[in-house]
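Notes to accompany the following structure.
The values are calculated or read from the model by the stated rules, or taken from the named source; none is laboratory data. Remember, predicted model here, so these are calculated numbers, not experimental data. Counting neighbours? That spans all protein chains shown, and the Cβs are built from the backbone with ideal geometry, glycine included. For accessibility, only protein heavy atoms count, side chains too; no ligands or nucleic acids. Shrake-Rupley method; radii C 1.70, N 1.55, O 1.52, S 1.80 Å.
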2 protein chains.
Amino acid sequence: MPDDALQTTEDAPIKLGELTNGLGFLIRIAQVKLFENFFEHLGEYGLKPGEFTVLWVIGLNPGLRQGTVANTLHIKPAHMTKLTGRLVERGLVSRATPADDRRAVRLSLTPEGQKFVDSKKDAFLNHNFDEKEALSPEEAEQLISLLRKFTGLNACP
Amino acid sequence: MPDDALQTTEDAPIKLGELTNGLGFLIRIAQVKLFENFFEHLGEYGLKPGEFTVLWVIGLNPGLRQGTVANTLHIKPAHMTKLTGRLVERGLVSRATPADDRRAVRLSLTPEGQKFVDSKKDAFLNHNFDEKEALSPEEAEQLISLLRKFTGLNACP
DNA sequence: TATTGTTATACTCTATAACTATA
DNA sequence: TATAGTTATAGAGTATAACAATA
């Protein structure tokens, strides 16, 4: 039985050994695949996965504080500032300073932003990755379920 | 039944909606978790997951060409140059120019590099992530199997 | 001409700390 | 004092193109 190989310009197949059982490595390769898929379908809008996710969360929680979005999505505050700035520049998000705490920044979608999220929702949520991928619908659901459990994102048990 | 929430400094729980079914989002959060785990266990050596993976692959395939490593691990050539340089500086990897193609660079582990990989192998391959994680051993195996299928890394069936 | 690897540039993301303005 | 957000800086990773040496 030959060793497992990925791809090569080399003569001999490349051994990966137990790396193919490593969760970290698999997650990284999976992410590469998903990024490719994302840019294939949504790249024309010039938004990246993280930016789309921020739009989505703001859309579901209008007036959410910027820091809360950052915490929720594991985005660092410094980066969040720049990311928000980009979305505001594109006219998709608006900032507001609430009167009760003037340090805070509350975010909402502009009408354009809401329209954009609505129209791209399906493609964004990867309901499209079942093109000719390796997984059956049942396996995909199982994978998502296991990941949700692993990440501790099980909603309401 | 309340909407799903993650964490918040906010008054109301944050709605994520169908985001928790999005493979892209789950993979990202899973990676955050795995990175934390990695740095907790291996951070003291100052190596990052990608660097460790490169060491591992070179160890299994001594004399492998640099470009092949890059292709296999989805590392861009320009970045691979810098990454290799760091590992050489640390004395873990040695470069060699083969006589048959003097454009190429072939990589091998130094004795120190080999010793390092051997000693950290178990921790690296995340055989350690079962501490008090959410998944049972069976679920973990299932998750790995599904990811391997999704990424097209099924070795030899 | 094509290929391997390197350099250079630029941008994103991360990490950190210092700063402001509020509280 | 502590907190929310910003700014600044540095490093890693990515993308791209131009380049040298070799094939």
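Annotations for the structure displayed:
- Top of A:Ile29, A:Ile75, A:Ile144 by mean-square fluctuation, Gaussian network on chain A, Cα under 10 Å: A:Ile144
- Separation of the A:His74 and B:His79 label points, Cα + 7 Å toward Cβ, nm: 1.7
- Projected onto its three principal axes, the C-alpha set of chain A covers 69, 35, 31 Å, listed from the longest axis down.
- GNM flexibility winner over chain A from A:Ala96, A:Ala140, A:Ala123 (Cα, springs under 10 Å): A:Ala140
- Within a Gaussian network of chain A (alpha carbon springs, distance under 10 Å), most fluctuating of A:Leu47, A:Leu34, A:Leu23: A:Leu23
- Label distances, nm, A:Thr110 versus same residue in remaining copies, Cβ-directed 7 Å point: 5.6
- Near A:Arg106, once Lys and Arg are set to +1 and Asp and Glu to -1 for all other residues with Cβ below 9 Å from its Cβ, the sum equals +2.
- Computed over the alpha carbons of the protein assembly as shown, Rg followed by Dmax gives 21.7, 73 Å.
- Its Cα gyration tensor gives the stretch B:47-126 an equivalent ellipsoid, and the semi-axes of that ellipsoid, as √(5λ) in whole Å with the largest first, are 20, 14, 11.
- Ordering of B:99-105, B:38-44, B:89-95 by burial proxy (mean other Cβ atoms within 10 Å per residue, highest first): B:89-95, B:38-44, B:99-105
- Over all other residues within a Cβ to Cβ distance under 15 Å of A:His79, the charged ones net out to +4, with Lys and Arg as +1 and Asp and Glu as -1.
- Calculated FRET value between A:Ser94 and B:Glu138, using beta carbons and R₀ = 51 Å, to 0.05: 0.60
- A:Phe116, B:Phe150, ranked by accessible area, largest first (probe 1.4 Å): A:Phe116, B:Phe150
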